[in-house]
Amino acid sequence: MSPSDNNPRYSVPGLGVRQGGRVITLLQPRLHALNDLALTLKHIHWNVVGPHFIAVHEMLDPQTAAVRSMADGIAERISALGGEPHGTPGAIVSERTWDDYSLGRADALAHLGALDLVYSGVIKDHRSAAEKVASIDPVTEDLLIGHLRSLEQFQWFIRAHQENSNGTLIQASASSEAEAAEATAPVRKPTSKKTPGTKRAAKKATSAKRTR
């Protein structure tokens, strides 16, 4: 079965081959999205820096493991339906409909701002797939709903770092990962080092002002 051919030769009992093929067609992009998300989470795990490093670094590993398990569940469901799950790097790159994650080494909060948009995209498309498959295969719908429960919880963990005292997300108006990162990351002003001569000059200026 080629990546473009999702028509299985058999399916699960009670589900026709055509219906099974329709479910497979809906599931394959979700497999790509979850594999991509797992790699992105690990990429961020390696590249966070700043005061919030350890909290974010350690928060992302359990999420990575859970997302990998979700991908495994999707792939096994495709196989159970008589399909052929495609999980190679080449398949992900050639068949996905989104750009690669854009941040490298960056402040932990900047990564969380960008990651929030990544999660929003995955969750939105997962919900759409669950709605479309509901009338065809409730077992697959249940699988996707279980994923959504965890994915939305993970996004909540991330958004807790971005919510201000008014209950508003700092990056709410961002339309790109770069904008979200810029809105979320703290602005660190470089500290200027004063030489001893500079300090003495400042003291003299202060004394002069006092004598006037």
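The values are calculated or read from the model by the stated rules, or taken from the named source; none is laboratory data. Note that the structure is a prediction, hence the values are computed from the model and not measured. Quick reminder, even Gly has a Cβ in these numbers, built from the backbone with ideal geometry, and neighbours come from all protein chains shown. Keep in mind that these areas ignore ligands, DNA and RNA; they rest on the heavy atoms of the full protein, side chains included. Shrake-Rupley method; radii C 1.70, N 1.55, O 1.52, S 1.80 Å.
Here the range 41-140 exposes an accessible surface that is 55 percent carbon and sulfur, computed with a 1.4 Å probe and the other protein chains kept in place.
Of LEU117, LEU148, the residue with the largest accessible area leads and the full order is LEU117, LEU148 (1.4 Å probe). Work out the FRET efficiency for THR25 and LEU169 from their Cβ-Cβ distance, taking R0 = 41 Å, and round it to the nearest 0.05. E between THR25 and LEU169, to the nearest 0.05, is 0.75.
Here the range 43-140 is described by how far its Cα atoms reach on the three principal axes: 48, 27, 22 Å, from widest to narrowest. Applying 0.36 nm per residue to the separation of ASP100 and ASP72 and subtracting their alpha-carbon distance, the gain on full extension is 7.9 nm. For the range 14-96, the alpha-carbon radius of gyration amounts to 1.34 times the rule-of-thumb value 2.2 N^0.38 Å expected for a compact globular protein.
Distance between the pseudo-spin-label points of VAL49 and THR88 (7 Å out from Cα toward the beta carbon): 3.7 nm. Modelled this way, with points 7 Å down the Cα-to-C-beta line, the labels at ASP142 and LYS124 are 3.0 nm from one another.
Sequentially through the range 25-42, phi angles give Karplus couplings (6.51, -1.76, 1.60; θ = phi - 60°) of 4, 6, 7, 4, x, 5, 5, 4, 5, 6, 4, 5, 5, 4, 5, 5, 4, 5 Hz, Gly and Pro residues having no value and appearing as x. Sorting the Cα pairs of the range 113-185 by distance into bins of 5 Å, from 0 upward, gives 3, 17, 22, 19, 14, 11, 8, 5, 1 percent per bin.
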